[in-house]
Structure formats: C-alpha cells, structure tokens
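Below is one structure; the comments refer to it alone.
The values are calculated or read from the model by the stated rules, or taken from the named source; none is laboratory data. A quick note: this is a predicted structure, and the numbers were derived from the prediction, not measured. For neighbour counting, all protein chains shown are included, and Cβ atoms are generated from backbone atoms with ideal geometry for every residue, glycine included. Note: areas computed on protein heavy atoms with side chains; ligands, DNA, RNA excluded. Shrake-Rupley method; radii C 1.70, N 1.55, O 1.52, S 1.80 Å.
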Amino acid sequence: MNQAFPLLPEQASAQAGEVDALFFFIVAVTVFFTIGISLVILFFAVKYRRRSDEDRPREIHGSLWLELVWTIIPLGIVILMFAWGSKVFFQMNRPPDDAMNVSVVGKRWMWKVQQPTGQREINELHVPVGRAVKLTITSEDVIHSFFVPAFRIKKDAVPGRYNVAWFRATKVGTYHLFCAEYCGTEHSKMIGRVVVMEPEDYQTWLAGGPPPESPVVAGEQLFTELNCITCHRPDSAGRGPVLNGIFGRGVKLASGDTVVADEAYVHESILNPATKVVAGYQPVMPTYQGLVTEEQLIALIAYIKSLQIPSGETVPVPEEAE
Amino acid sequence: MSDHIVSWKVYVAVFLALGVLTVLTVVAASYDFGRLNLILALGIAITKATLVVLYFMHARYAGGLTGIVIAAAAAFFFILVFLTLSDYTTRSWSLTGY
Amino acid sequence: MNQGTEAKAMTPEANTLPKEHYLNAGYGWKSWLLTTDHKRIAILYLVSISVMFVLGGLYAALIRWNLLVPDGSHMSAETYNRVFTAHGVIMIFFFLIPSIPVTLGNFLIPLMIGARDLAFPRINLLSWYVYVIGAAFTLYSLFSGGLDTGWTFYTPYSTVFAQSNVAFAAIGIFIAGFSSILTGLNFIVTIHTMRAPGMTWFRLPLFVWAHYATAIIQILGTPVVAITILLVALERLFHFGFFDPARGGDPILFQHLFWFYSHPAVYIMILPSMGVISELITCFSRKRIFGYSFIAMSSMAIAVIGFLIWAHHMFVSGMSVYSAMIFSALTYLVAIPSAVKVFNWTATMFRGSISWETPMMYVFGFIGLFLIGGLTGLFLGNLGTDVHLTDTYFVVAHFHYIMVGGAIMGYLGGIHFWWPKIFGRTYSEWWGRISAVLIFVGFNMTFLPQFLLGYLGMPRRYHAYPEEFQVLNVLSTAGALILGIGYLFPSLYLVYSMVKGEPAGNNPWGARGLEWETTSPPPAHNFERTPVVEDEAYAYDKAPREAFGV
Amino acid sequence: MSEVSSRPGAAASPGPLQHHFADLKQQKAAASLGMWVFIAQEVLFFGGLFATYTVYRMTYPEAFSAGSQHLSWKIGFFNTLVLIASSLTMAMGVHSAALGRAKRIVAWLLATIFLGSLFLGVKYFEYEEKIAPCFGLGAGPGCLVPGERFDASVLHVAVDMAPQTQIFYSLYFAMTGLHALHMIIGIPIILWIAHAAWRGRYSAEWHTPVEIVGLYWHFVDIIWIFLFPLLYLIGTH
C-alpha cells in the first residue's frame, strides 16, 4: 500500500487469490484476441494493400462453416467464464457459519462499524487475521458501497435493507476502505481503513478502549425500554409471538405465506409490523419508525438472534401457534 | 392497414361483449378466490384488450407486420416485468445459514 | 482526394459541383429552421450535437485537470461533482445517443434505400426541435445550480438528498427522450415502406440494418427511462413516493427501470457505428462484405439480447444472487454477435484491395479500440470479477473504449467517408490521417491507465484520491491532452473544406450504394428518377453504376 | 439502367398524396405502421408504470387492497362503460369513413368527443374528492395526494401502513393522470379530424387520418381496461 506506484492491488484475503486467478484468465483471453485480431488486420492491410486502381479482388460471399466455428468457440469460452465467475460469486455471498458478525452503517459521509463485542469505530475496522468476518451492511441515508480493494469485496449499503458480505483476511496490514457508490459532495472523503491484526493484537486492541456494551446487551436493554417485553413474553402468554429461537426459522404468516425470520424480516417487523403479521396474531403492534435508529435496530436484531429456546421446552415456534 | 370493411354489427357485438366482460370482472371481484382473483381480473382484461385490438383496431384484417409490432411491444413489456421479478421473487432465497 | 482517380475515370474533366443541390435549394434562416428535407435536418443536428460535443469535451477537460493532483485542490468537491455529472449527461443524452442516427442516419437512410425523404419529414423536424428544447432545459439546470447526481440519477440521492437542480434536468432528459423515439419511429417506418423497387431486405446496406436494430431499442427502451425519470421528477417536486426507502419505496427498483433502457442505450451508441464500419471496410477493401446475413442478424441479436442483461450493473446492489446469475449468463450471450461482427470484418479484408485513406484509418482504430472495449466487458459481465471492478475506473475505461473508442471512431470515420457526399467537397487527406492517428494514440494513453487504476481499486466519481494513484492519473490527463488536439484538427480542416475544398465528384471513393449514384451534394429530392436496384449490396466486382441524379 | 416510369399523380393533383411517396397505398402503409410503432412505444411507456405497480403490489398486498377499497368501483365501472362506448363510436366513425360518408364521420367523432369529455368530467370529480382536503376544502380530512399532506386516516389502516398506501396513491395518480393526459391530447386531435371530415377531406380512398386517430383512441381505451381492475377492484369482496 505504501508502494509509490503499484500496478496491481495487494492480495489480503482468501477471495483475492480466487478473483485474481479468474481475472488473469480473462486477461489472457482478452490479450490473445486483441493482439491476434489486430495482427491479422495489420497483416491483411499490408499484404493486400491496393497496388493499382484497377484491382478488382475476387468475390468471397462468406462461409457457413467459418461462421459456425467463430460462433461456437467464443460461446464455449464465455460459458467457461460464466461458470467460473458464478462459483467465485457464490463463495463471496456465502459467509461461513463461524464468521464473526460486524455491522456496518454508511452515513454521509462516514462508515460506522460495530464489533461483535460492541466496540464502535468510525471509518476504521479492526479485524483479526485468519478469521472469517461477516459484514451486515446498511445505510442511514443514500446508497453507499463498502469496498475494500485488497480483499476484492464490495457491497452496496442500501437504506432500508441489510446486505451481507464477508471476507477472511490473510495478511496483517492496513488497507483502504472506499465508498464506491456516489453519495454526494464528500463521496471521495468517505474513505477509511481496515486494520488486519494478529489475533493477540486484536484482543489487546479490543481490551484497549472503554469497556463496550455488547450489541446483545444493548439490545436486551432496548427490548425492555421500548416495552417489547410486555407483548413478546417468553412464556407465550403475550399478545405477540414468542421470539425465542425464532431467528432463522420459517414463520407462517396470516396471509398464508411463509417467510424466514432473517435480519430483513425482523427489521421490517419493527418498522412496519402490520405488513407481515404472524399467523394467529392480531396486527396490534405499533410502528417503531422514527423511534429507533439503524444502530439500535441492529442491537435489537442481535438480541433477538441471541434468544435461545429455554432448555427442556418444546419449540414454541409460531407455526404451531395456530 | 387494409380497407377491409367490417359490418357495423360486428362492432356492436364487440361492444356488448366488452360490456358483459366489464360486469363480469366486477362480479368476480366481489368473491374471494384467493390468488385466483388477480389471474381472473387480468384474464378478463386481456380478453377485452384482445377484442379491442382485433376488431376495433382492425388488427385481425391488417397485415402480419402489425402483428409483429404488437407482439414485439408485448414481448418487451414481459421481459421488463419478468426479469425484474426474477430479482424480487428470489431475493429472499438466502444463501446464508443461521 | 489523393486517390480520387476512380471519380476521374468516370468524369474525365475536373469535378464541379452540381448546379442545383439541397444546400442551395433555399436561402435564409427560414429555409433551414422550417425545412422538412432530411438532409438539411441532418445538418441542423450536426451543428447541435457538435455544440454539445464541444461542451461535454470541455467538462471532460475539467475532470482530467482536477485529477492531476490527488488532493482535489484544483476545484471544490461540489464543483467537481457538477462537472462530471454535466459531462455524463451532455455526452450520453445529447451527443452519443443521437450522434450517428440523427446526422448520418438521417442524411443517408433515404438515399441508401432510394427514397425521396423519410416517411414523416415533419416529425423529423419536430424531433430536432424536441431535442433542442430538451437540451435547453438540461443546460438551464446545469448552469443554474448545477446537477450533482451523476448521469445515473440514483435514488434516493437524486430524489431526496441532492442539493441541485434535479427536476429541471430530469424534465430535459424526459423531453429529449421523445426526440430519440420519434427518430427511431421514422427510421422503422421508412425502412419498411419506402424502399426503392428491387431493394429487398437482404440487399439493404448494413448501415441501414444497424439503424433498424437501433431504432427498435430507441422505440422500446426509451419510453421506460422516460417514465422512470418522470417518476423521479414527481418524487422530487411533489414528494410522491416511488423509490424513497423512508416511505416504503425500493431504490433498487429504480435501478432496474433505469438500466432497462440505459444498458440497451449503449447499443444505441455502438450499433450505428458498427453499421458505418461495415460500409467503410467493404469500400476500402473493395470487396463484398464477408457473411452479409450474419452481420445483419447479429445487429438484430445485439438489439434484442441487449434488453435482457441490464442488471449486470447491479451485481453488488443487494439484488438476488440467483437473478444475478441469470443476468450474467445472458450478458455473455451478447458477446457472441459482437465477436461475429469483428471476425466477419477481418475476413472481409482477406484478399481484398485495401487502401489506407482517412476513413479506413478510423476503421483500423475502431476495431482496435472496440476489441479492447468489448473484451473488457467480459470482466464486468463476470460475477466473480465484477464485484471488485464495478464502480471503479475499470468501468470508466471500459465504457469509454466502447462509447468513445467505438462510437466516436465510427462517427468520425463516417463523417470523413460521407463528407464529400454531404458537402460535395474534399478535405485534406494528410491532415485527416494525422488526426486519426493522434486520436488513436491519445485515446489509448487516456484510458489504458484507467484499467489499471480500476483494478487497483480507485473508485469512480472521486474528487480526490490516495496518492499512489497519481502517476497513472497524470498519464491519463496527458493522453487526454493529445486526444483533445486530435479532435481539434478535424473541426478545423472540415470547416475549411466546407468553404474551400475541391469539388469531390459524385463517387470519389468508387463506392457502391445508391447514395453514390446521385450528385454530391444530392439534389433536394435525392434522385431525379426513382432508382431501381439490380445488385446485391456491395457488388464491388461490378463497376460502379452511372449516377442517377445527373 | 432502368428506372420506374413517372409516378402516377405525383405532381398532377394537389390531393392528399405527399411529394415523397410514390402512391397513396405507400402513404397509407407508412402512416398506419407509424401509429402502430408509436403505440408500441406507448406500451413500454405505460409498461414502466405497470412494472412498478407489479413489484409494489407483490410487496405490499394489504396496503394496496386498503388503498383500492377507498376508490369507488362504481365510478370506475361507469367510466369503463363510457370509455368502451366511446371506442364503439370511434370504430363507427372509422367505419363511416371507409364507406365515404363524411357527415356520419363527423357525427360519430363528435359522439366520441362527448363520451371522452364525460369520462374526464367524472374523473375530475373523482380527483377533486381526493385533492380538495389537501387545501382544507371539501368534506373533512382525507388528503390522498401523495406528499407531505398525505393523510391515510380515511383508509382505516395501521399507522405504519400509511407510507405503503401512499405508494398506491402515487401510482394511482401517475397512472390515471397519464391516461387522462392521453385523452386530453386525443380530444382536440379528434376535433381537428372531425373538422377536416366536415370539410370533405376524406373519402373512401383516403381516410387514413381517421383510422390513425382511431387506433390511438382505442389504445387509450385498452390502458383503461387494465387500470380499472388493477386499481379499483383489488379486494372489493
């Protein structure tokens, strides 16, 4: 990164090598065809240069055989590229289960990051080397895009939505974090850095600042403060569905559809509770739009995610509430 | 595109069919068929539109070119809707396990 | 013309301009502003889009000047954002999309198919006025408060947050869209109904096929962006809710609707240029085009497939992963007809009789730049590499190779090729070749470094950037200077030629095609008698026919 | 070298044939194709709105149902009948033109204009009911024009559903407004054609302008045929 005149970006994540391999394969195809065809054209242009104005070259209409050849060969090449690219893309979009969760909120013009243990950072992200990091990305205003060239990852931060990206840093160092989607005046200043540290250093760094409040704890506090607890009681006696163990499961809705209770659904249910009401319940929940910030929402979601099924009980998922 | 002259009776018949279909769509909307509601409403609307195109707009008597233009417009509209929906209907198919 | 001996062979005495032609068919401003002659309307457009090109070019110069230094100290961020938005809006909506169709297409399609005019001459004039009104609206917004949304108008930035004159620009683009629609409509109807006797579909020049395919996109794509941009204006002005997430709207839906047109719009820019190249390469190889029907059908295939691939601009937006796969697969399909065209052009030169006059220099330039532009598209249609590359300078370089390298090389090649037909006079061959080489060199120097910048990770639309990107940026700006000089020359010697050039004769290149069978410049009604077509297109094995118009 | 002999009637009569066409047949074909291509363009123009509608109706079915229930299906039904009747009168106008009966063309076109105006008049009252409360006029609350004054209280929906019903009304006004605009443009054109017919410009041989304006009018009718169930009839049950 401190090189004065680099020609290729650093490879600092597990994905970077995969993306580069694919990239150089396409570069090879590109260079081969560009140079090959250019040389043929130059060769023809010189060899068949008009000698006299009376030249009347013999007519050639075309050749079906040739047309088929130069349709099918490129088709084969692009199918290969497509398959390879899709494989890499799926990996990029499938965070491993053991990934640590980091939440990212874009705001004009800064990146607000929160560690799984609750430490907040602005325009910086500290991560341990070798550990998978799952990013849950959203925005408070316009569309931004979280871009770390050294990791070859990029994901838009879209207001009202949670997008997911992940990486596993492989090299200790400091890397650029850019906003890649134009977001207004200070777009080019919305840059930060990702600091990849040895796990021990990362632990030391975590211990450094003031003792953080973990998002789960903050979420639990909010859950009480906002009186969510009065309806969403863990003993299924409240007016709202029980939330223990609900996260990640299918939920049957009053409309007959089933949705997975993921981040987006919980987010929507807090802000627009009447949109997708769980089967067997009345749409009585008020909206919390304007009452909770994006960061508080993330804390609430973290808390709901953490709610386990009390041992010894049957699963009180709402599917059975009918 | 052609000078094919249709009897005025055809127009009146088409008009009556359109009226009946309009009543039908209102009646159908007063019952709850679940998901069929939308399909029924669109089916009737498409039938009505087809009648207008074929008879009032003379597409039935016009050349094949008119048909191609109509088909192209419909096809590109469906491309717009279906490929957009390919995103919306599969967005929640999560890749992430919890 | 240095090698204009072909024309001399036909008319042994020195060339003279015809006594009556469309340029002297009337004088005074009324004869121009109220004309319904497609050739005069083409000239009106030529003047208007040249003005827009110069304006867009000046904005480009400001961009490159700002990027000389990494800290953005040459202008404020507000100014820079307005500058690149103005560059994009002017160049795309008011230069590249109209460019070849409204000038060369307007002038040549009736001539090439043996018609006296386009099917709807008054609508043709109307489309020019609509263009001018749209341009006036947009320029007003650019000069009064400016526009800082980027040409893509992404919501909710454009509808809620932007502190600039979005609504006016949106209305201007909405209006200009109808100019494009009317032009496309006129072309489709003209090509269907006005062909001269004997001009069957598969005898049409490939230039006409390319414009037919382009017109399909103009008609079926433009209305969608028009309505979308109208919704943006409604949301901005009256706070209607369509795309604002704070009110339940989905900003990604805007992107779908926007790119449904704006991706095919790239083909509106490049297809006519490909049509020009097909004409030029046959003429200067003096040989029938290789695989005529494959080239014609590949234009149609590009137009149709072009509508199926728009969401490859949105792979990192959070759209469905599965949908992204569909769009990526479809994107790769469009590579095939483009490749087929390049192979056929190359094969056309095989055993030809190739002369290196100015238009052919642009053909060589076009193929080189289009190859790089097209092949770098493979990186962006690819799900694996696009994630890293999208919204970086790699994208900027890629689309400039297609839209500037491809479309403008074709445009300039076409202007040089048909200049003697349009104005009846020749230009300096020496200056022509020098400029073509300068443009090619300058262009590569400007945009090749940007591929590297993009892979390094420099995001686009950055007013300031980390220092390690400076060397490549300085190189790019130096290239832009050469490119600018390259563009300056033709504007000088072509204007000079208009006044002082030697009369060119009816067919200075010994080309085939009905447009060469009338006088240069053509008479007001194109042909004295309706021509009858007896040959396939590009029958270069036969001697050129005598002129009809004389 | 051969060329077509002189173009019949090209220079002789000042009739309807324009100078750049070979004959009336070609001119007719061009005009008719031109209108069809224009309609294809219109399909995609409205198509953008229909696509937006589809996505949001899928996302917010309850809000759309609630918004729709507040619209009067009776008014929509009445207007649908008016519009298809105007299509009939227009078709009869074109029919009279094909038979060369100039006076009847005028009568049918005037009937079409009357029905079109009736539709717009009803539309005016329908709009007024939703717009007036925004300016403190009319019967109490219930401003349904999207924007800052939008007031979903009359729709009886949960508070958080208000923005979603606002999307419904945004689409309602955009779609019906654009449709009405097409009629407002159409009516003077029909009037102009009727005037030309009255002056005897059209004959059994040449009446393409009547046909063309008919195509346009029928297309506007078709848009309404889709708007009626999609906007007025969601969940009336």
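Observations, loosely collected:
- The Cβ shell under 14 Å around B:ALA13 holds other residues with a net charge of +3, Lys and Arg each +1, Asp and Glu each -1.
- Comparing mean-square fluctuations of A:THR224, A:THR287, A:THR71 from a GNM of chain A with C-alpha springs under 10 Å, the top value falls on A:THR71.
- Put the Cα centre of the range C:12-56 next to the Cα centre of the range C:171-191 and the gap is 21 Å.
- Per residue of peptide A:141-147, the mean number of Cβ atoms on other chains within 10 Å of the residue Cβ is 6.
- Positions from the range C:387-402 whose accessible area shrinks by 40 Å² or more when the full protein complex is built, not the chain alone, probe 1.4 Å: C:VAL387, C:HIS388, C:ASP391
- Angle between chain C longest axis and helix C:264-285 axis [Cα atoms, degrees, rounded to 10]: 30 degrees
- Folded to 0 to 90 degrees: helix C:358-381 orientation relative to chain C principal axis, Cα: 30 degrees
- Most fluctuating residue given options D:HIS20, D:HIS195, D:HIS156, as computed from a GNM of chain D linking Cα atoms under 10 Å: D:HIS20
- Beta bridges assigned by DSSP with both partners in the protein assembly as shown are antiparallel in approximately 70 percent of cases.
- Dipole check for the range A:122-208: with +1 at the C-beta of Lys and Arg, -1 at the C-beta of Asp and Glu, and the Cα centre as origin, the magnitude is about 360 Debye.
- For the range A:17-75, applying the loop criterion from DSSP together with a ceiling of 10 other beta carbons within 10 Å to the trypsin sites (Lys or Arg not before Pro) yields A:ARG51, A:ARG58.
- Helix axis angle, D:162-198 relative to chain D longest principal axis, alpha carbon, degrees: 20 degrees
- Approximate spin-label separation C:ALA246-A:ILE79, in nm, with each point projected 7 Å along Cα-to-Cβ: 5.1 nm
- Distance between the 7 Å Cα→Cβ label points at D:GLU126 and A:TRP65: 6.7 nm.
- Amide H contacts under 5 Å for C:GLY198: C:VAL533, restricted to partners 5 or more places along the chain or on a different chain, H placed in the peptide plane at 1.01 Å from N.
- Computed over neighbours whose Cβ is under 15 Å from that of A:ILE26, the net charge equals -1, Lys and Arg +1, Asp and Glu -1.
- C-alpha center-to-center spacing [the range D:37-70, the range B:47-90] in angstrom: 16 Å
- Summarising the label geometry, the points placed 7 Å from Cα in the beta-carbon direction at D:ARG101 and C:SER31 lie 5.0 nm from one another.
- Cysteines, the protein assembly as shown, no other Cys beta-carbon under 4.7 Å: A:CYS179, A:CYS183, A:CYS228, A:CYS231, C:CYS283
- The range C:95-128-the range D:179-237 distance, computed between alpha-carbon centres (Å): 29 Å
- Kyte-Doolittle at least -0.5, axis length at least 30 Å by Cα - qualifying DSSP helices, chain A: A:14-47, A:64-92
- Compactness of the protein assembly as shown is given as radius of gyration and Dmax, 32.0, 108 Å, from Cα positions.
- Positive-end residue, the range D:33-232 charge dipole about Cα centroid, Cβ charges, pick of D:LEU83, D:HIS70, D:LEU155: D:LEU83
- For C:SER76, the shell of other residues with beta-carbons less than 13 Å away shows a net charge of -2, using +1 for Lys and Arg and -1 for Asp and Glu.
- Cα principal axis extents for chain D, largest first, Å: 78, 43, 32
- Unit charges on C-beta of K, R, D, E only; dipole of chain C, Debye: 800 debye
- Each peptide in A:22-28, C:232-238 receives the mean, over its residues, of other Cβ atoms within 10 Å, and ordering these scores from highest gives C:232-238, A:22-28.
- Rel. contact order, % - alpha carbon contacts under 8 angstrom, at least six apart, the range C:36-517: 16 percent
- Shielding value for D:71-83 is 2, the average number of Cβ atoms from other chains within 10 Å of each residue's Cβ.
- Considering all different alpha carbon pairs of the range A:215-320, the Kirkwood hydrodynamic radius works out to 13.8 Å.
- In this structure the amide hydrogen of C:HIS463, modeled in the peptide plane, comes within under 5 Å of the amide hydrogens of A:SER188, none closer than 5 places in sequence on its chain.
- Nearest-0.05 FRET efficiency for B:ASP32 and B:ILE5, computed from C-beta distance (R0 41 Å): 0.35
- From phi via Karplus (6.51, -1.76, 1.60), per-residue ³J(HN,Hα) for the range C:195-206 in Hz, x at Gly/Pro: 5, 5, x, x, 7, 6, 4, 8, 10, 5, x, 5
- Peptide ranges C:383-393, B:74-84 listed from the most packed, as the mean C-beta count within 10 angstrom indicates: C:383-393, B:74-84
- Between B and D, buried accessible area from a 1.4 angstrom probe totals roughly 3700 Å², ignoring ligands, DNA and RNA.
- Within the accessible area of the range C:364-485 (1.4 Å probe), percent carbon and sulfur: 77 percent
- Residue among D:GLU62, D:GLU148, D:GLU205 with the largest mean-square fluctuation in a Gaussian network model of chain D, springs linking Cα atoms under 10 Å: D:GLU148
- Packing around the peptides B:55-63, D:157-165, taken as the average count of other Cβ atoms within 10 Å per residue, puts them in this order, highest first: D:157-165, B:55-63.
- Between the listed residues A:VAL164, A:THR258, C:HIS463, the Cα displaced farthest toward the positive end of the dipole of the protein assembly as shown, a dipole computed from Cβ unit charges relative to the Cα centre, is found at C:HIS463.
- Over 18 Å between alpha carbons, listed pairs D:LYS74/D:LYS123; A:LYS134/A:LYS252; C:LYS30/C:LYS500: A:LYS134/A:LYS252; C:LYS30/C:LYS500
- The mean count of C-beta atoms from other chains within 10 Å of the C-beta of residues in C:213-222, rounded to a whole number, is 4.
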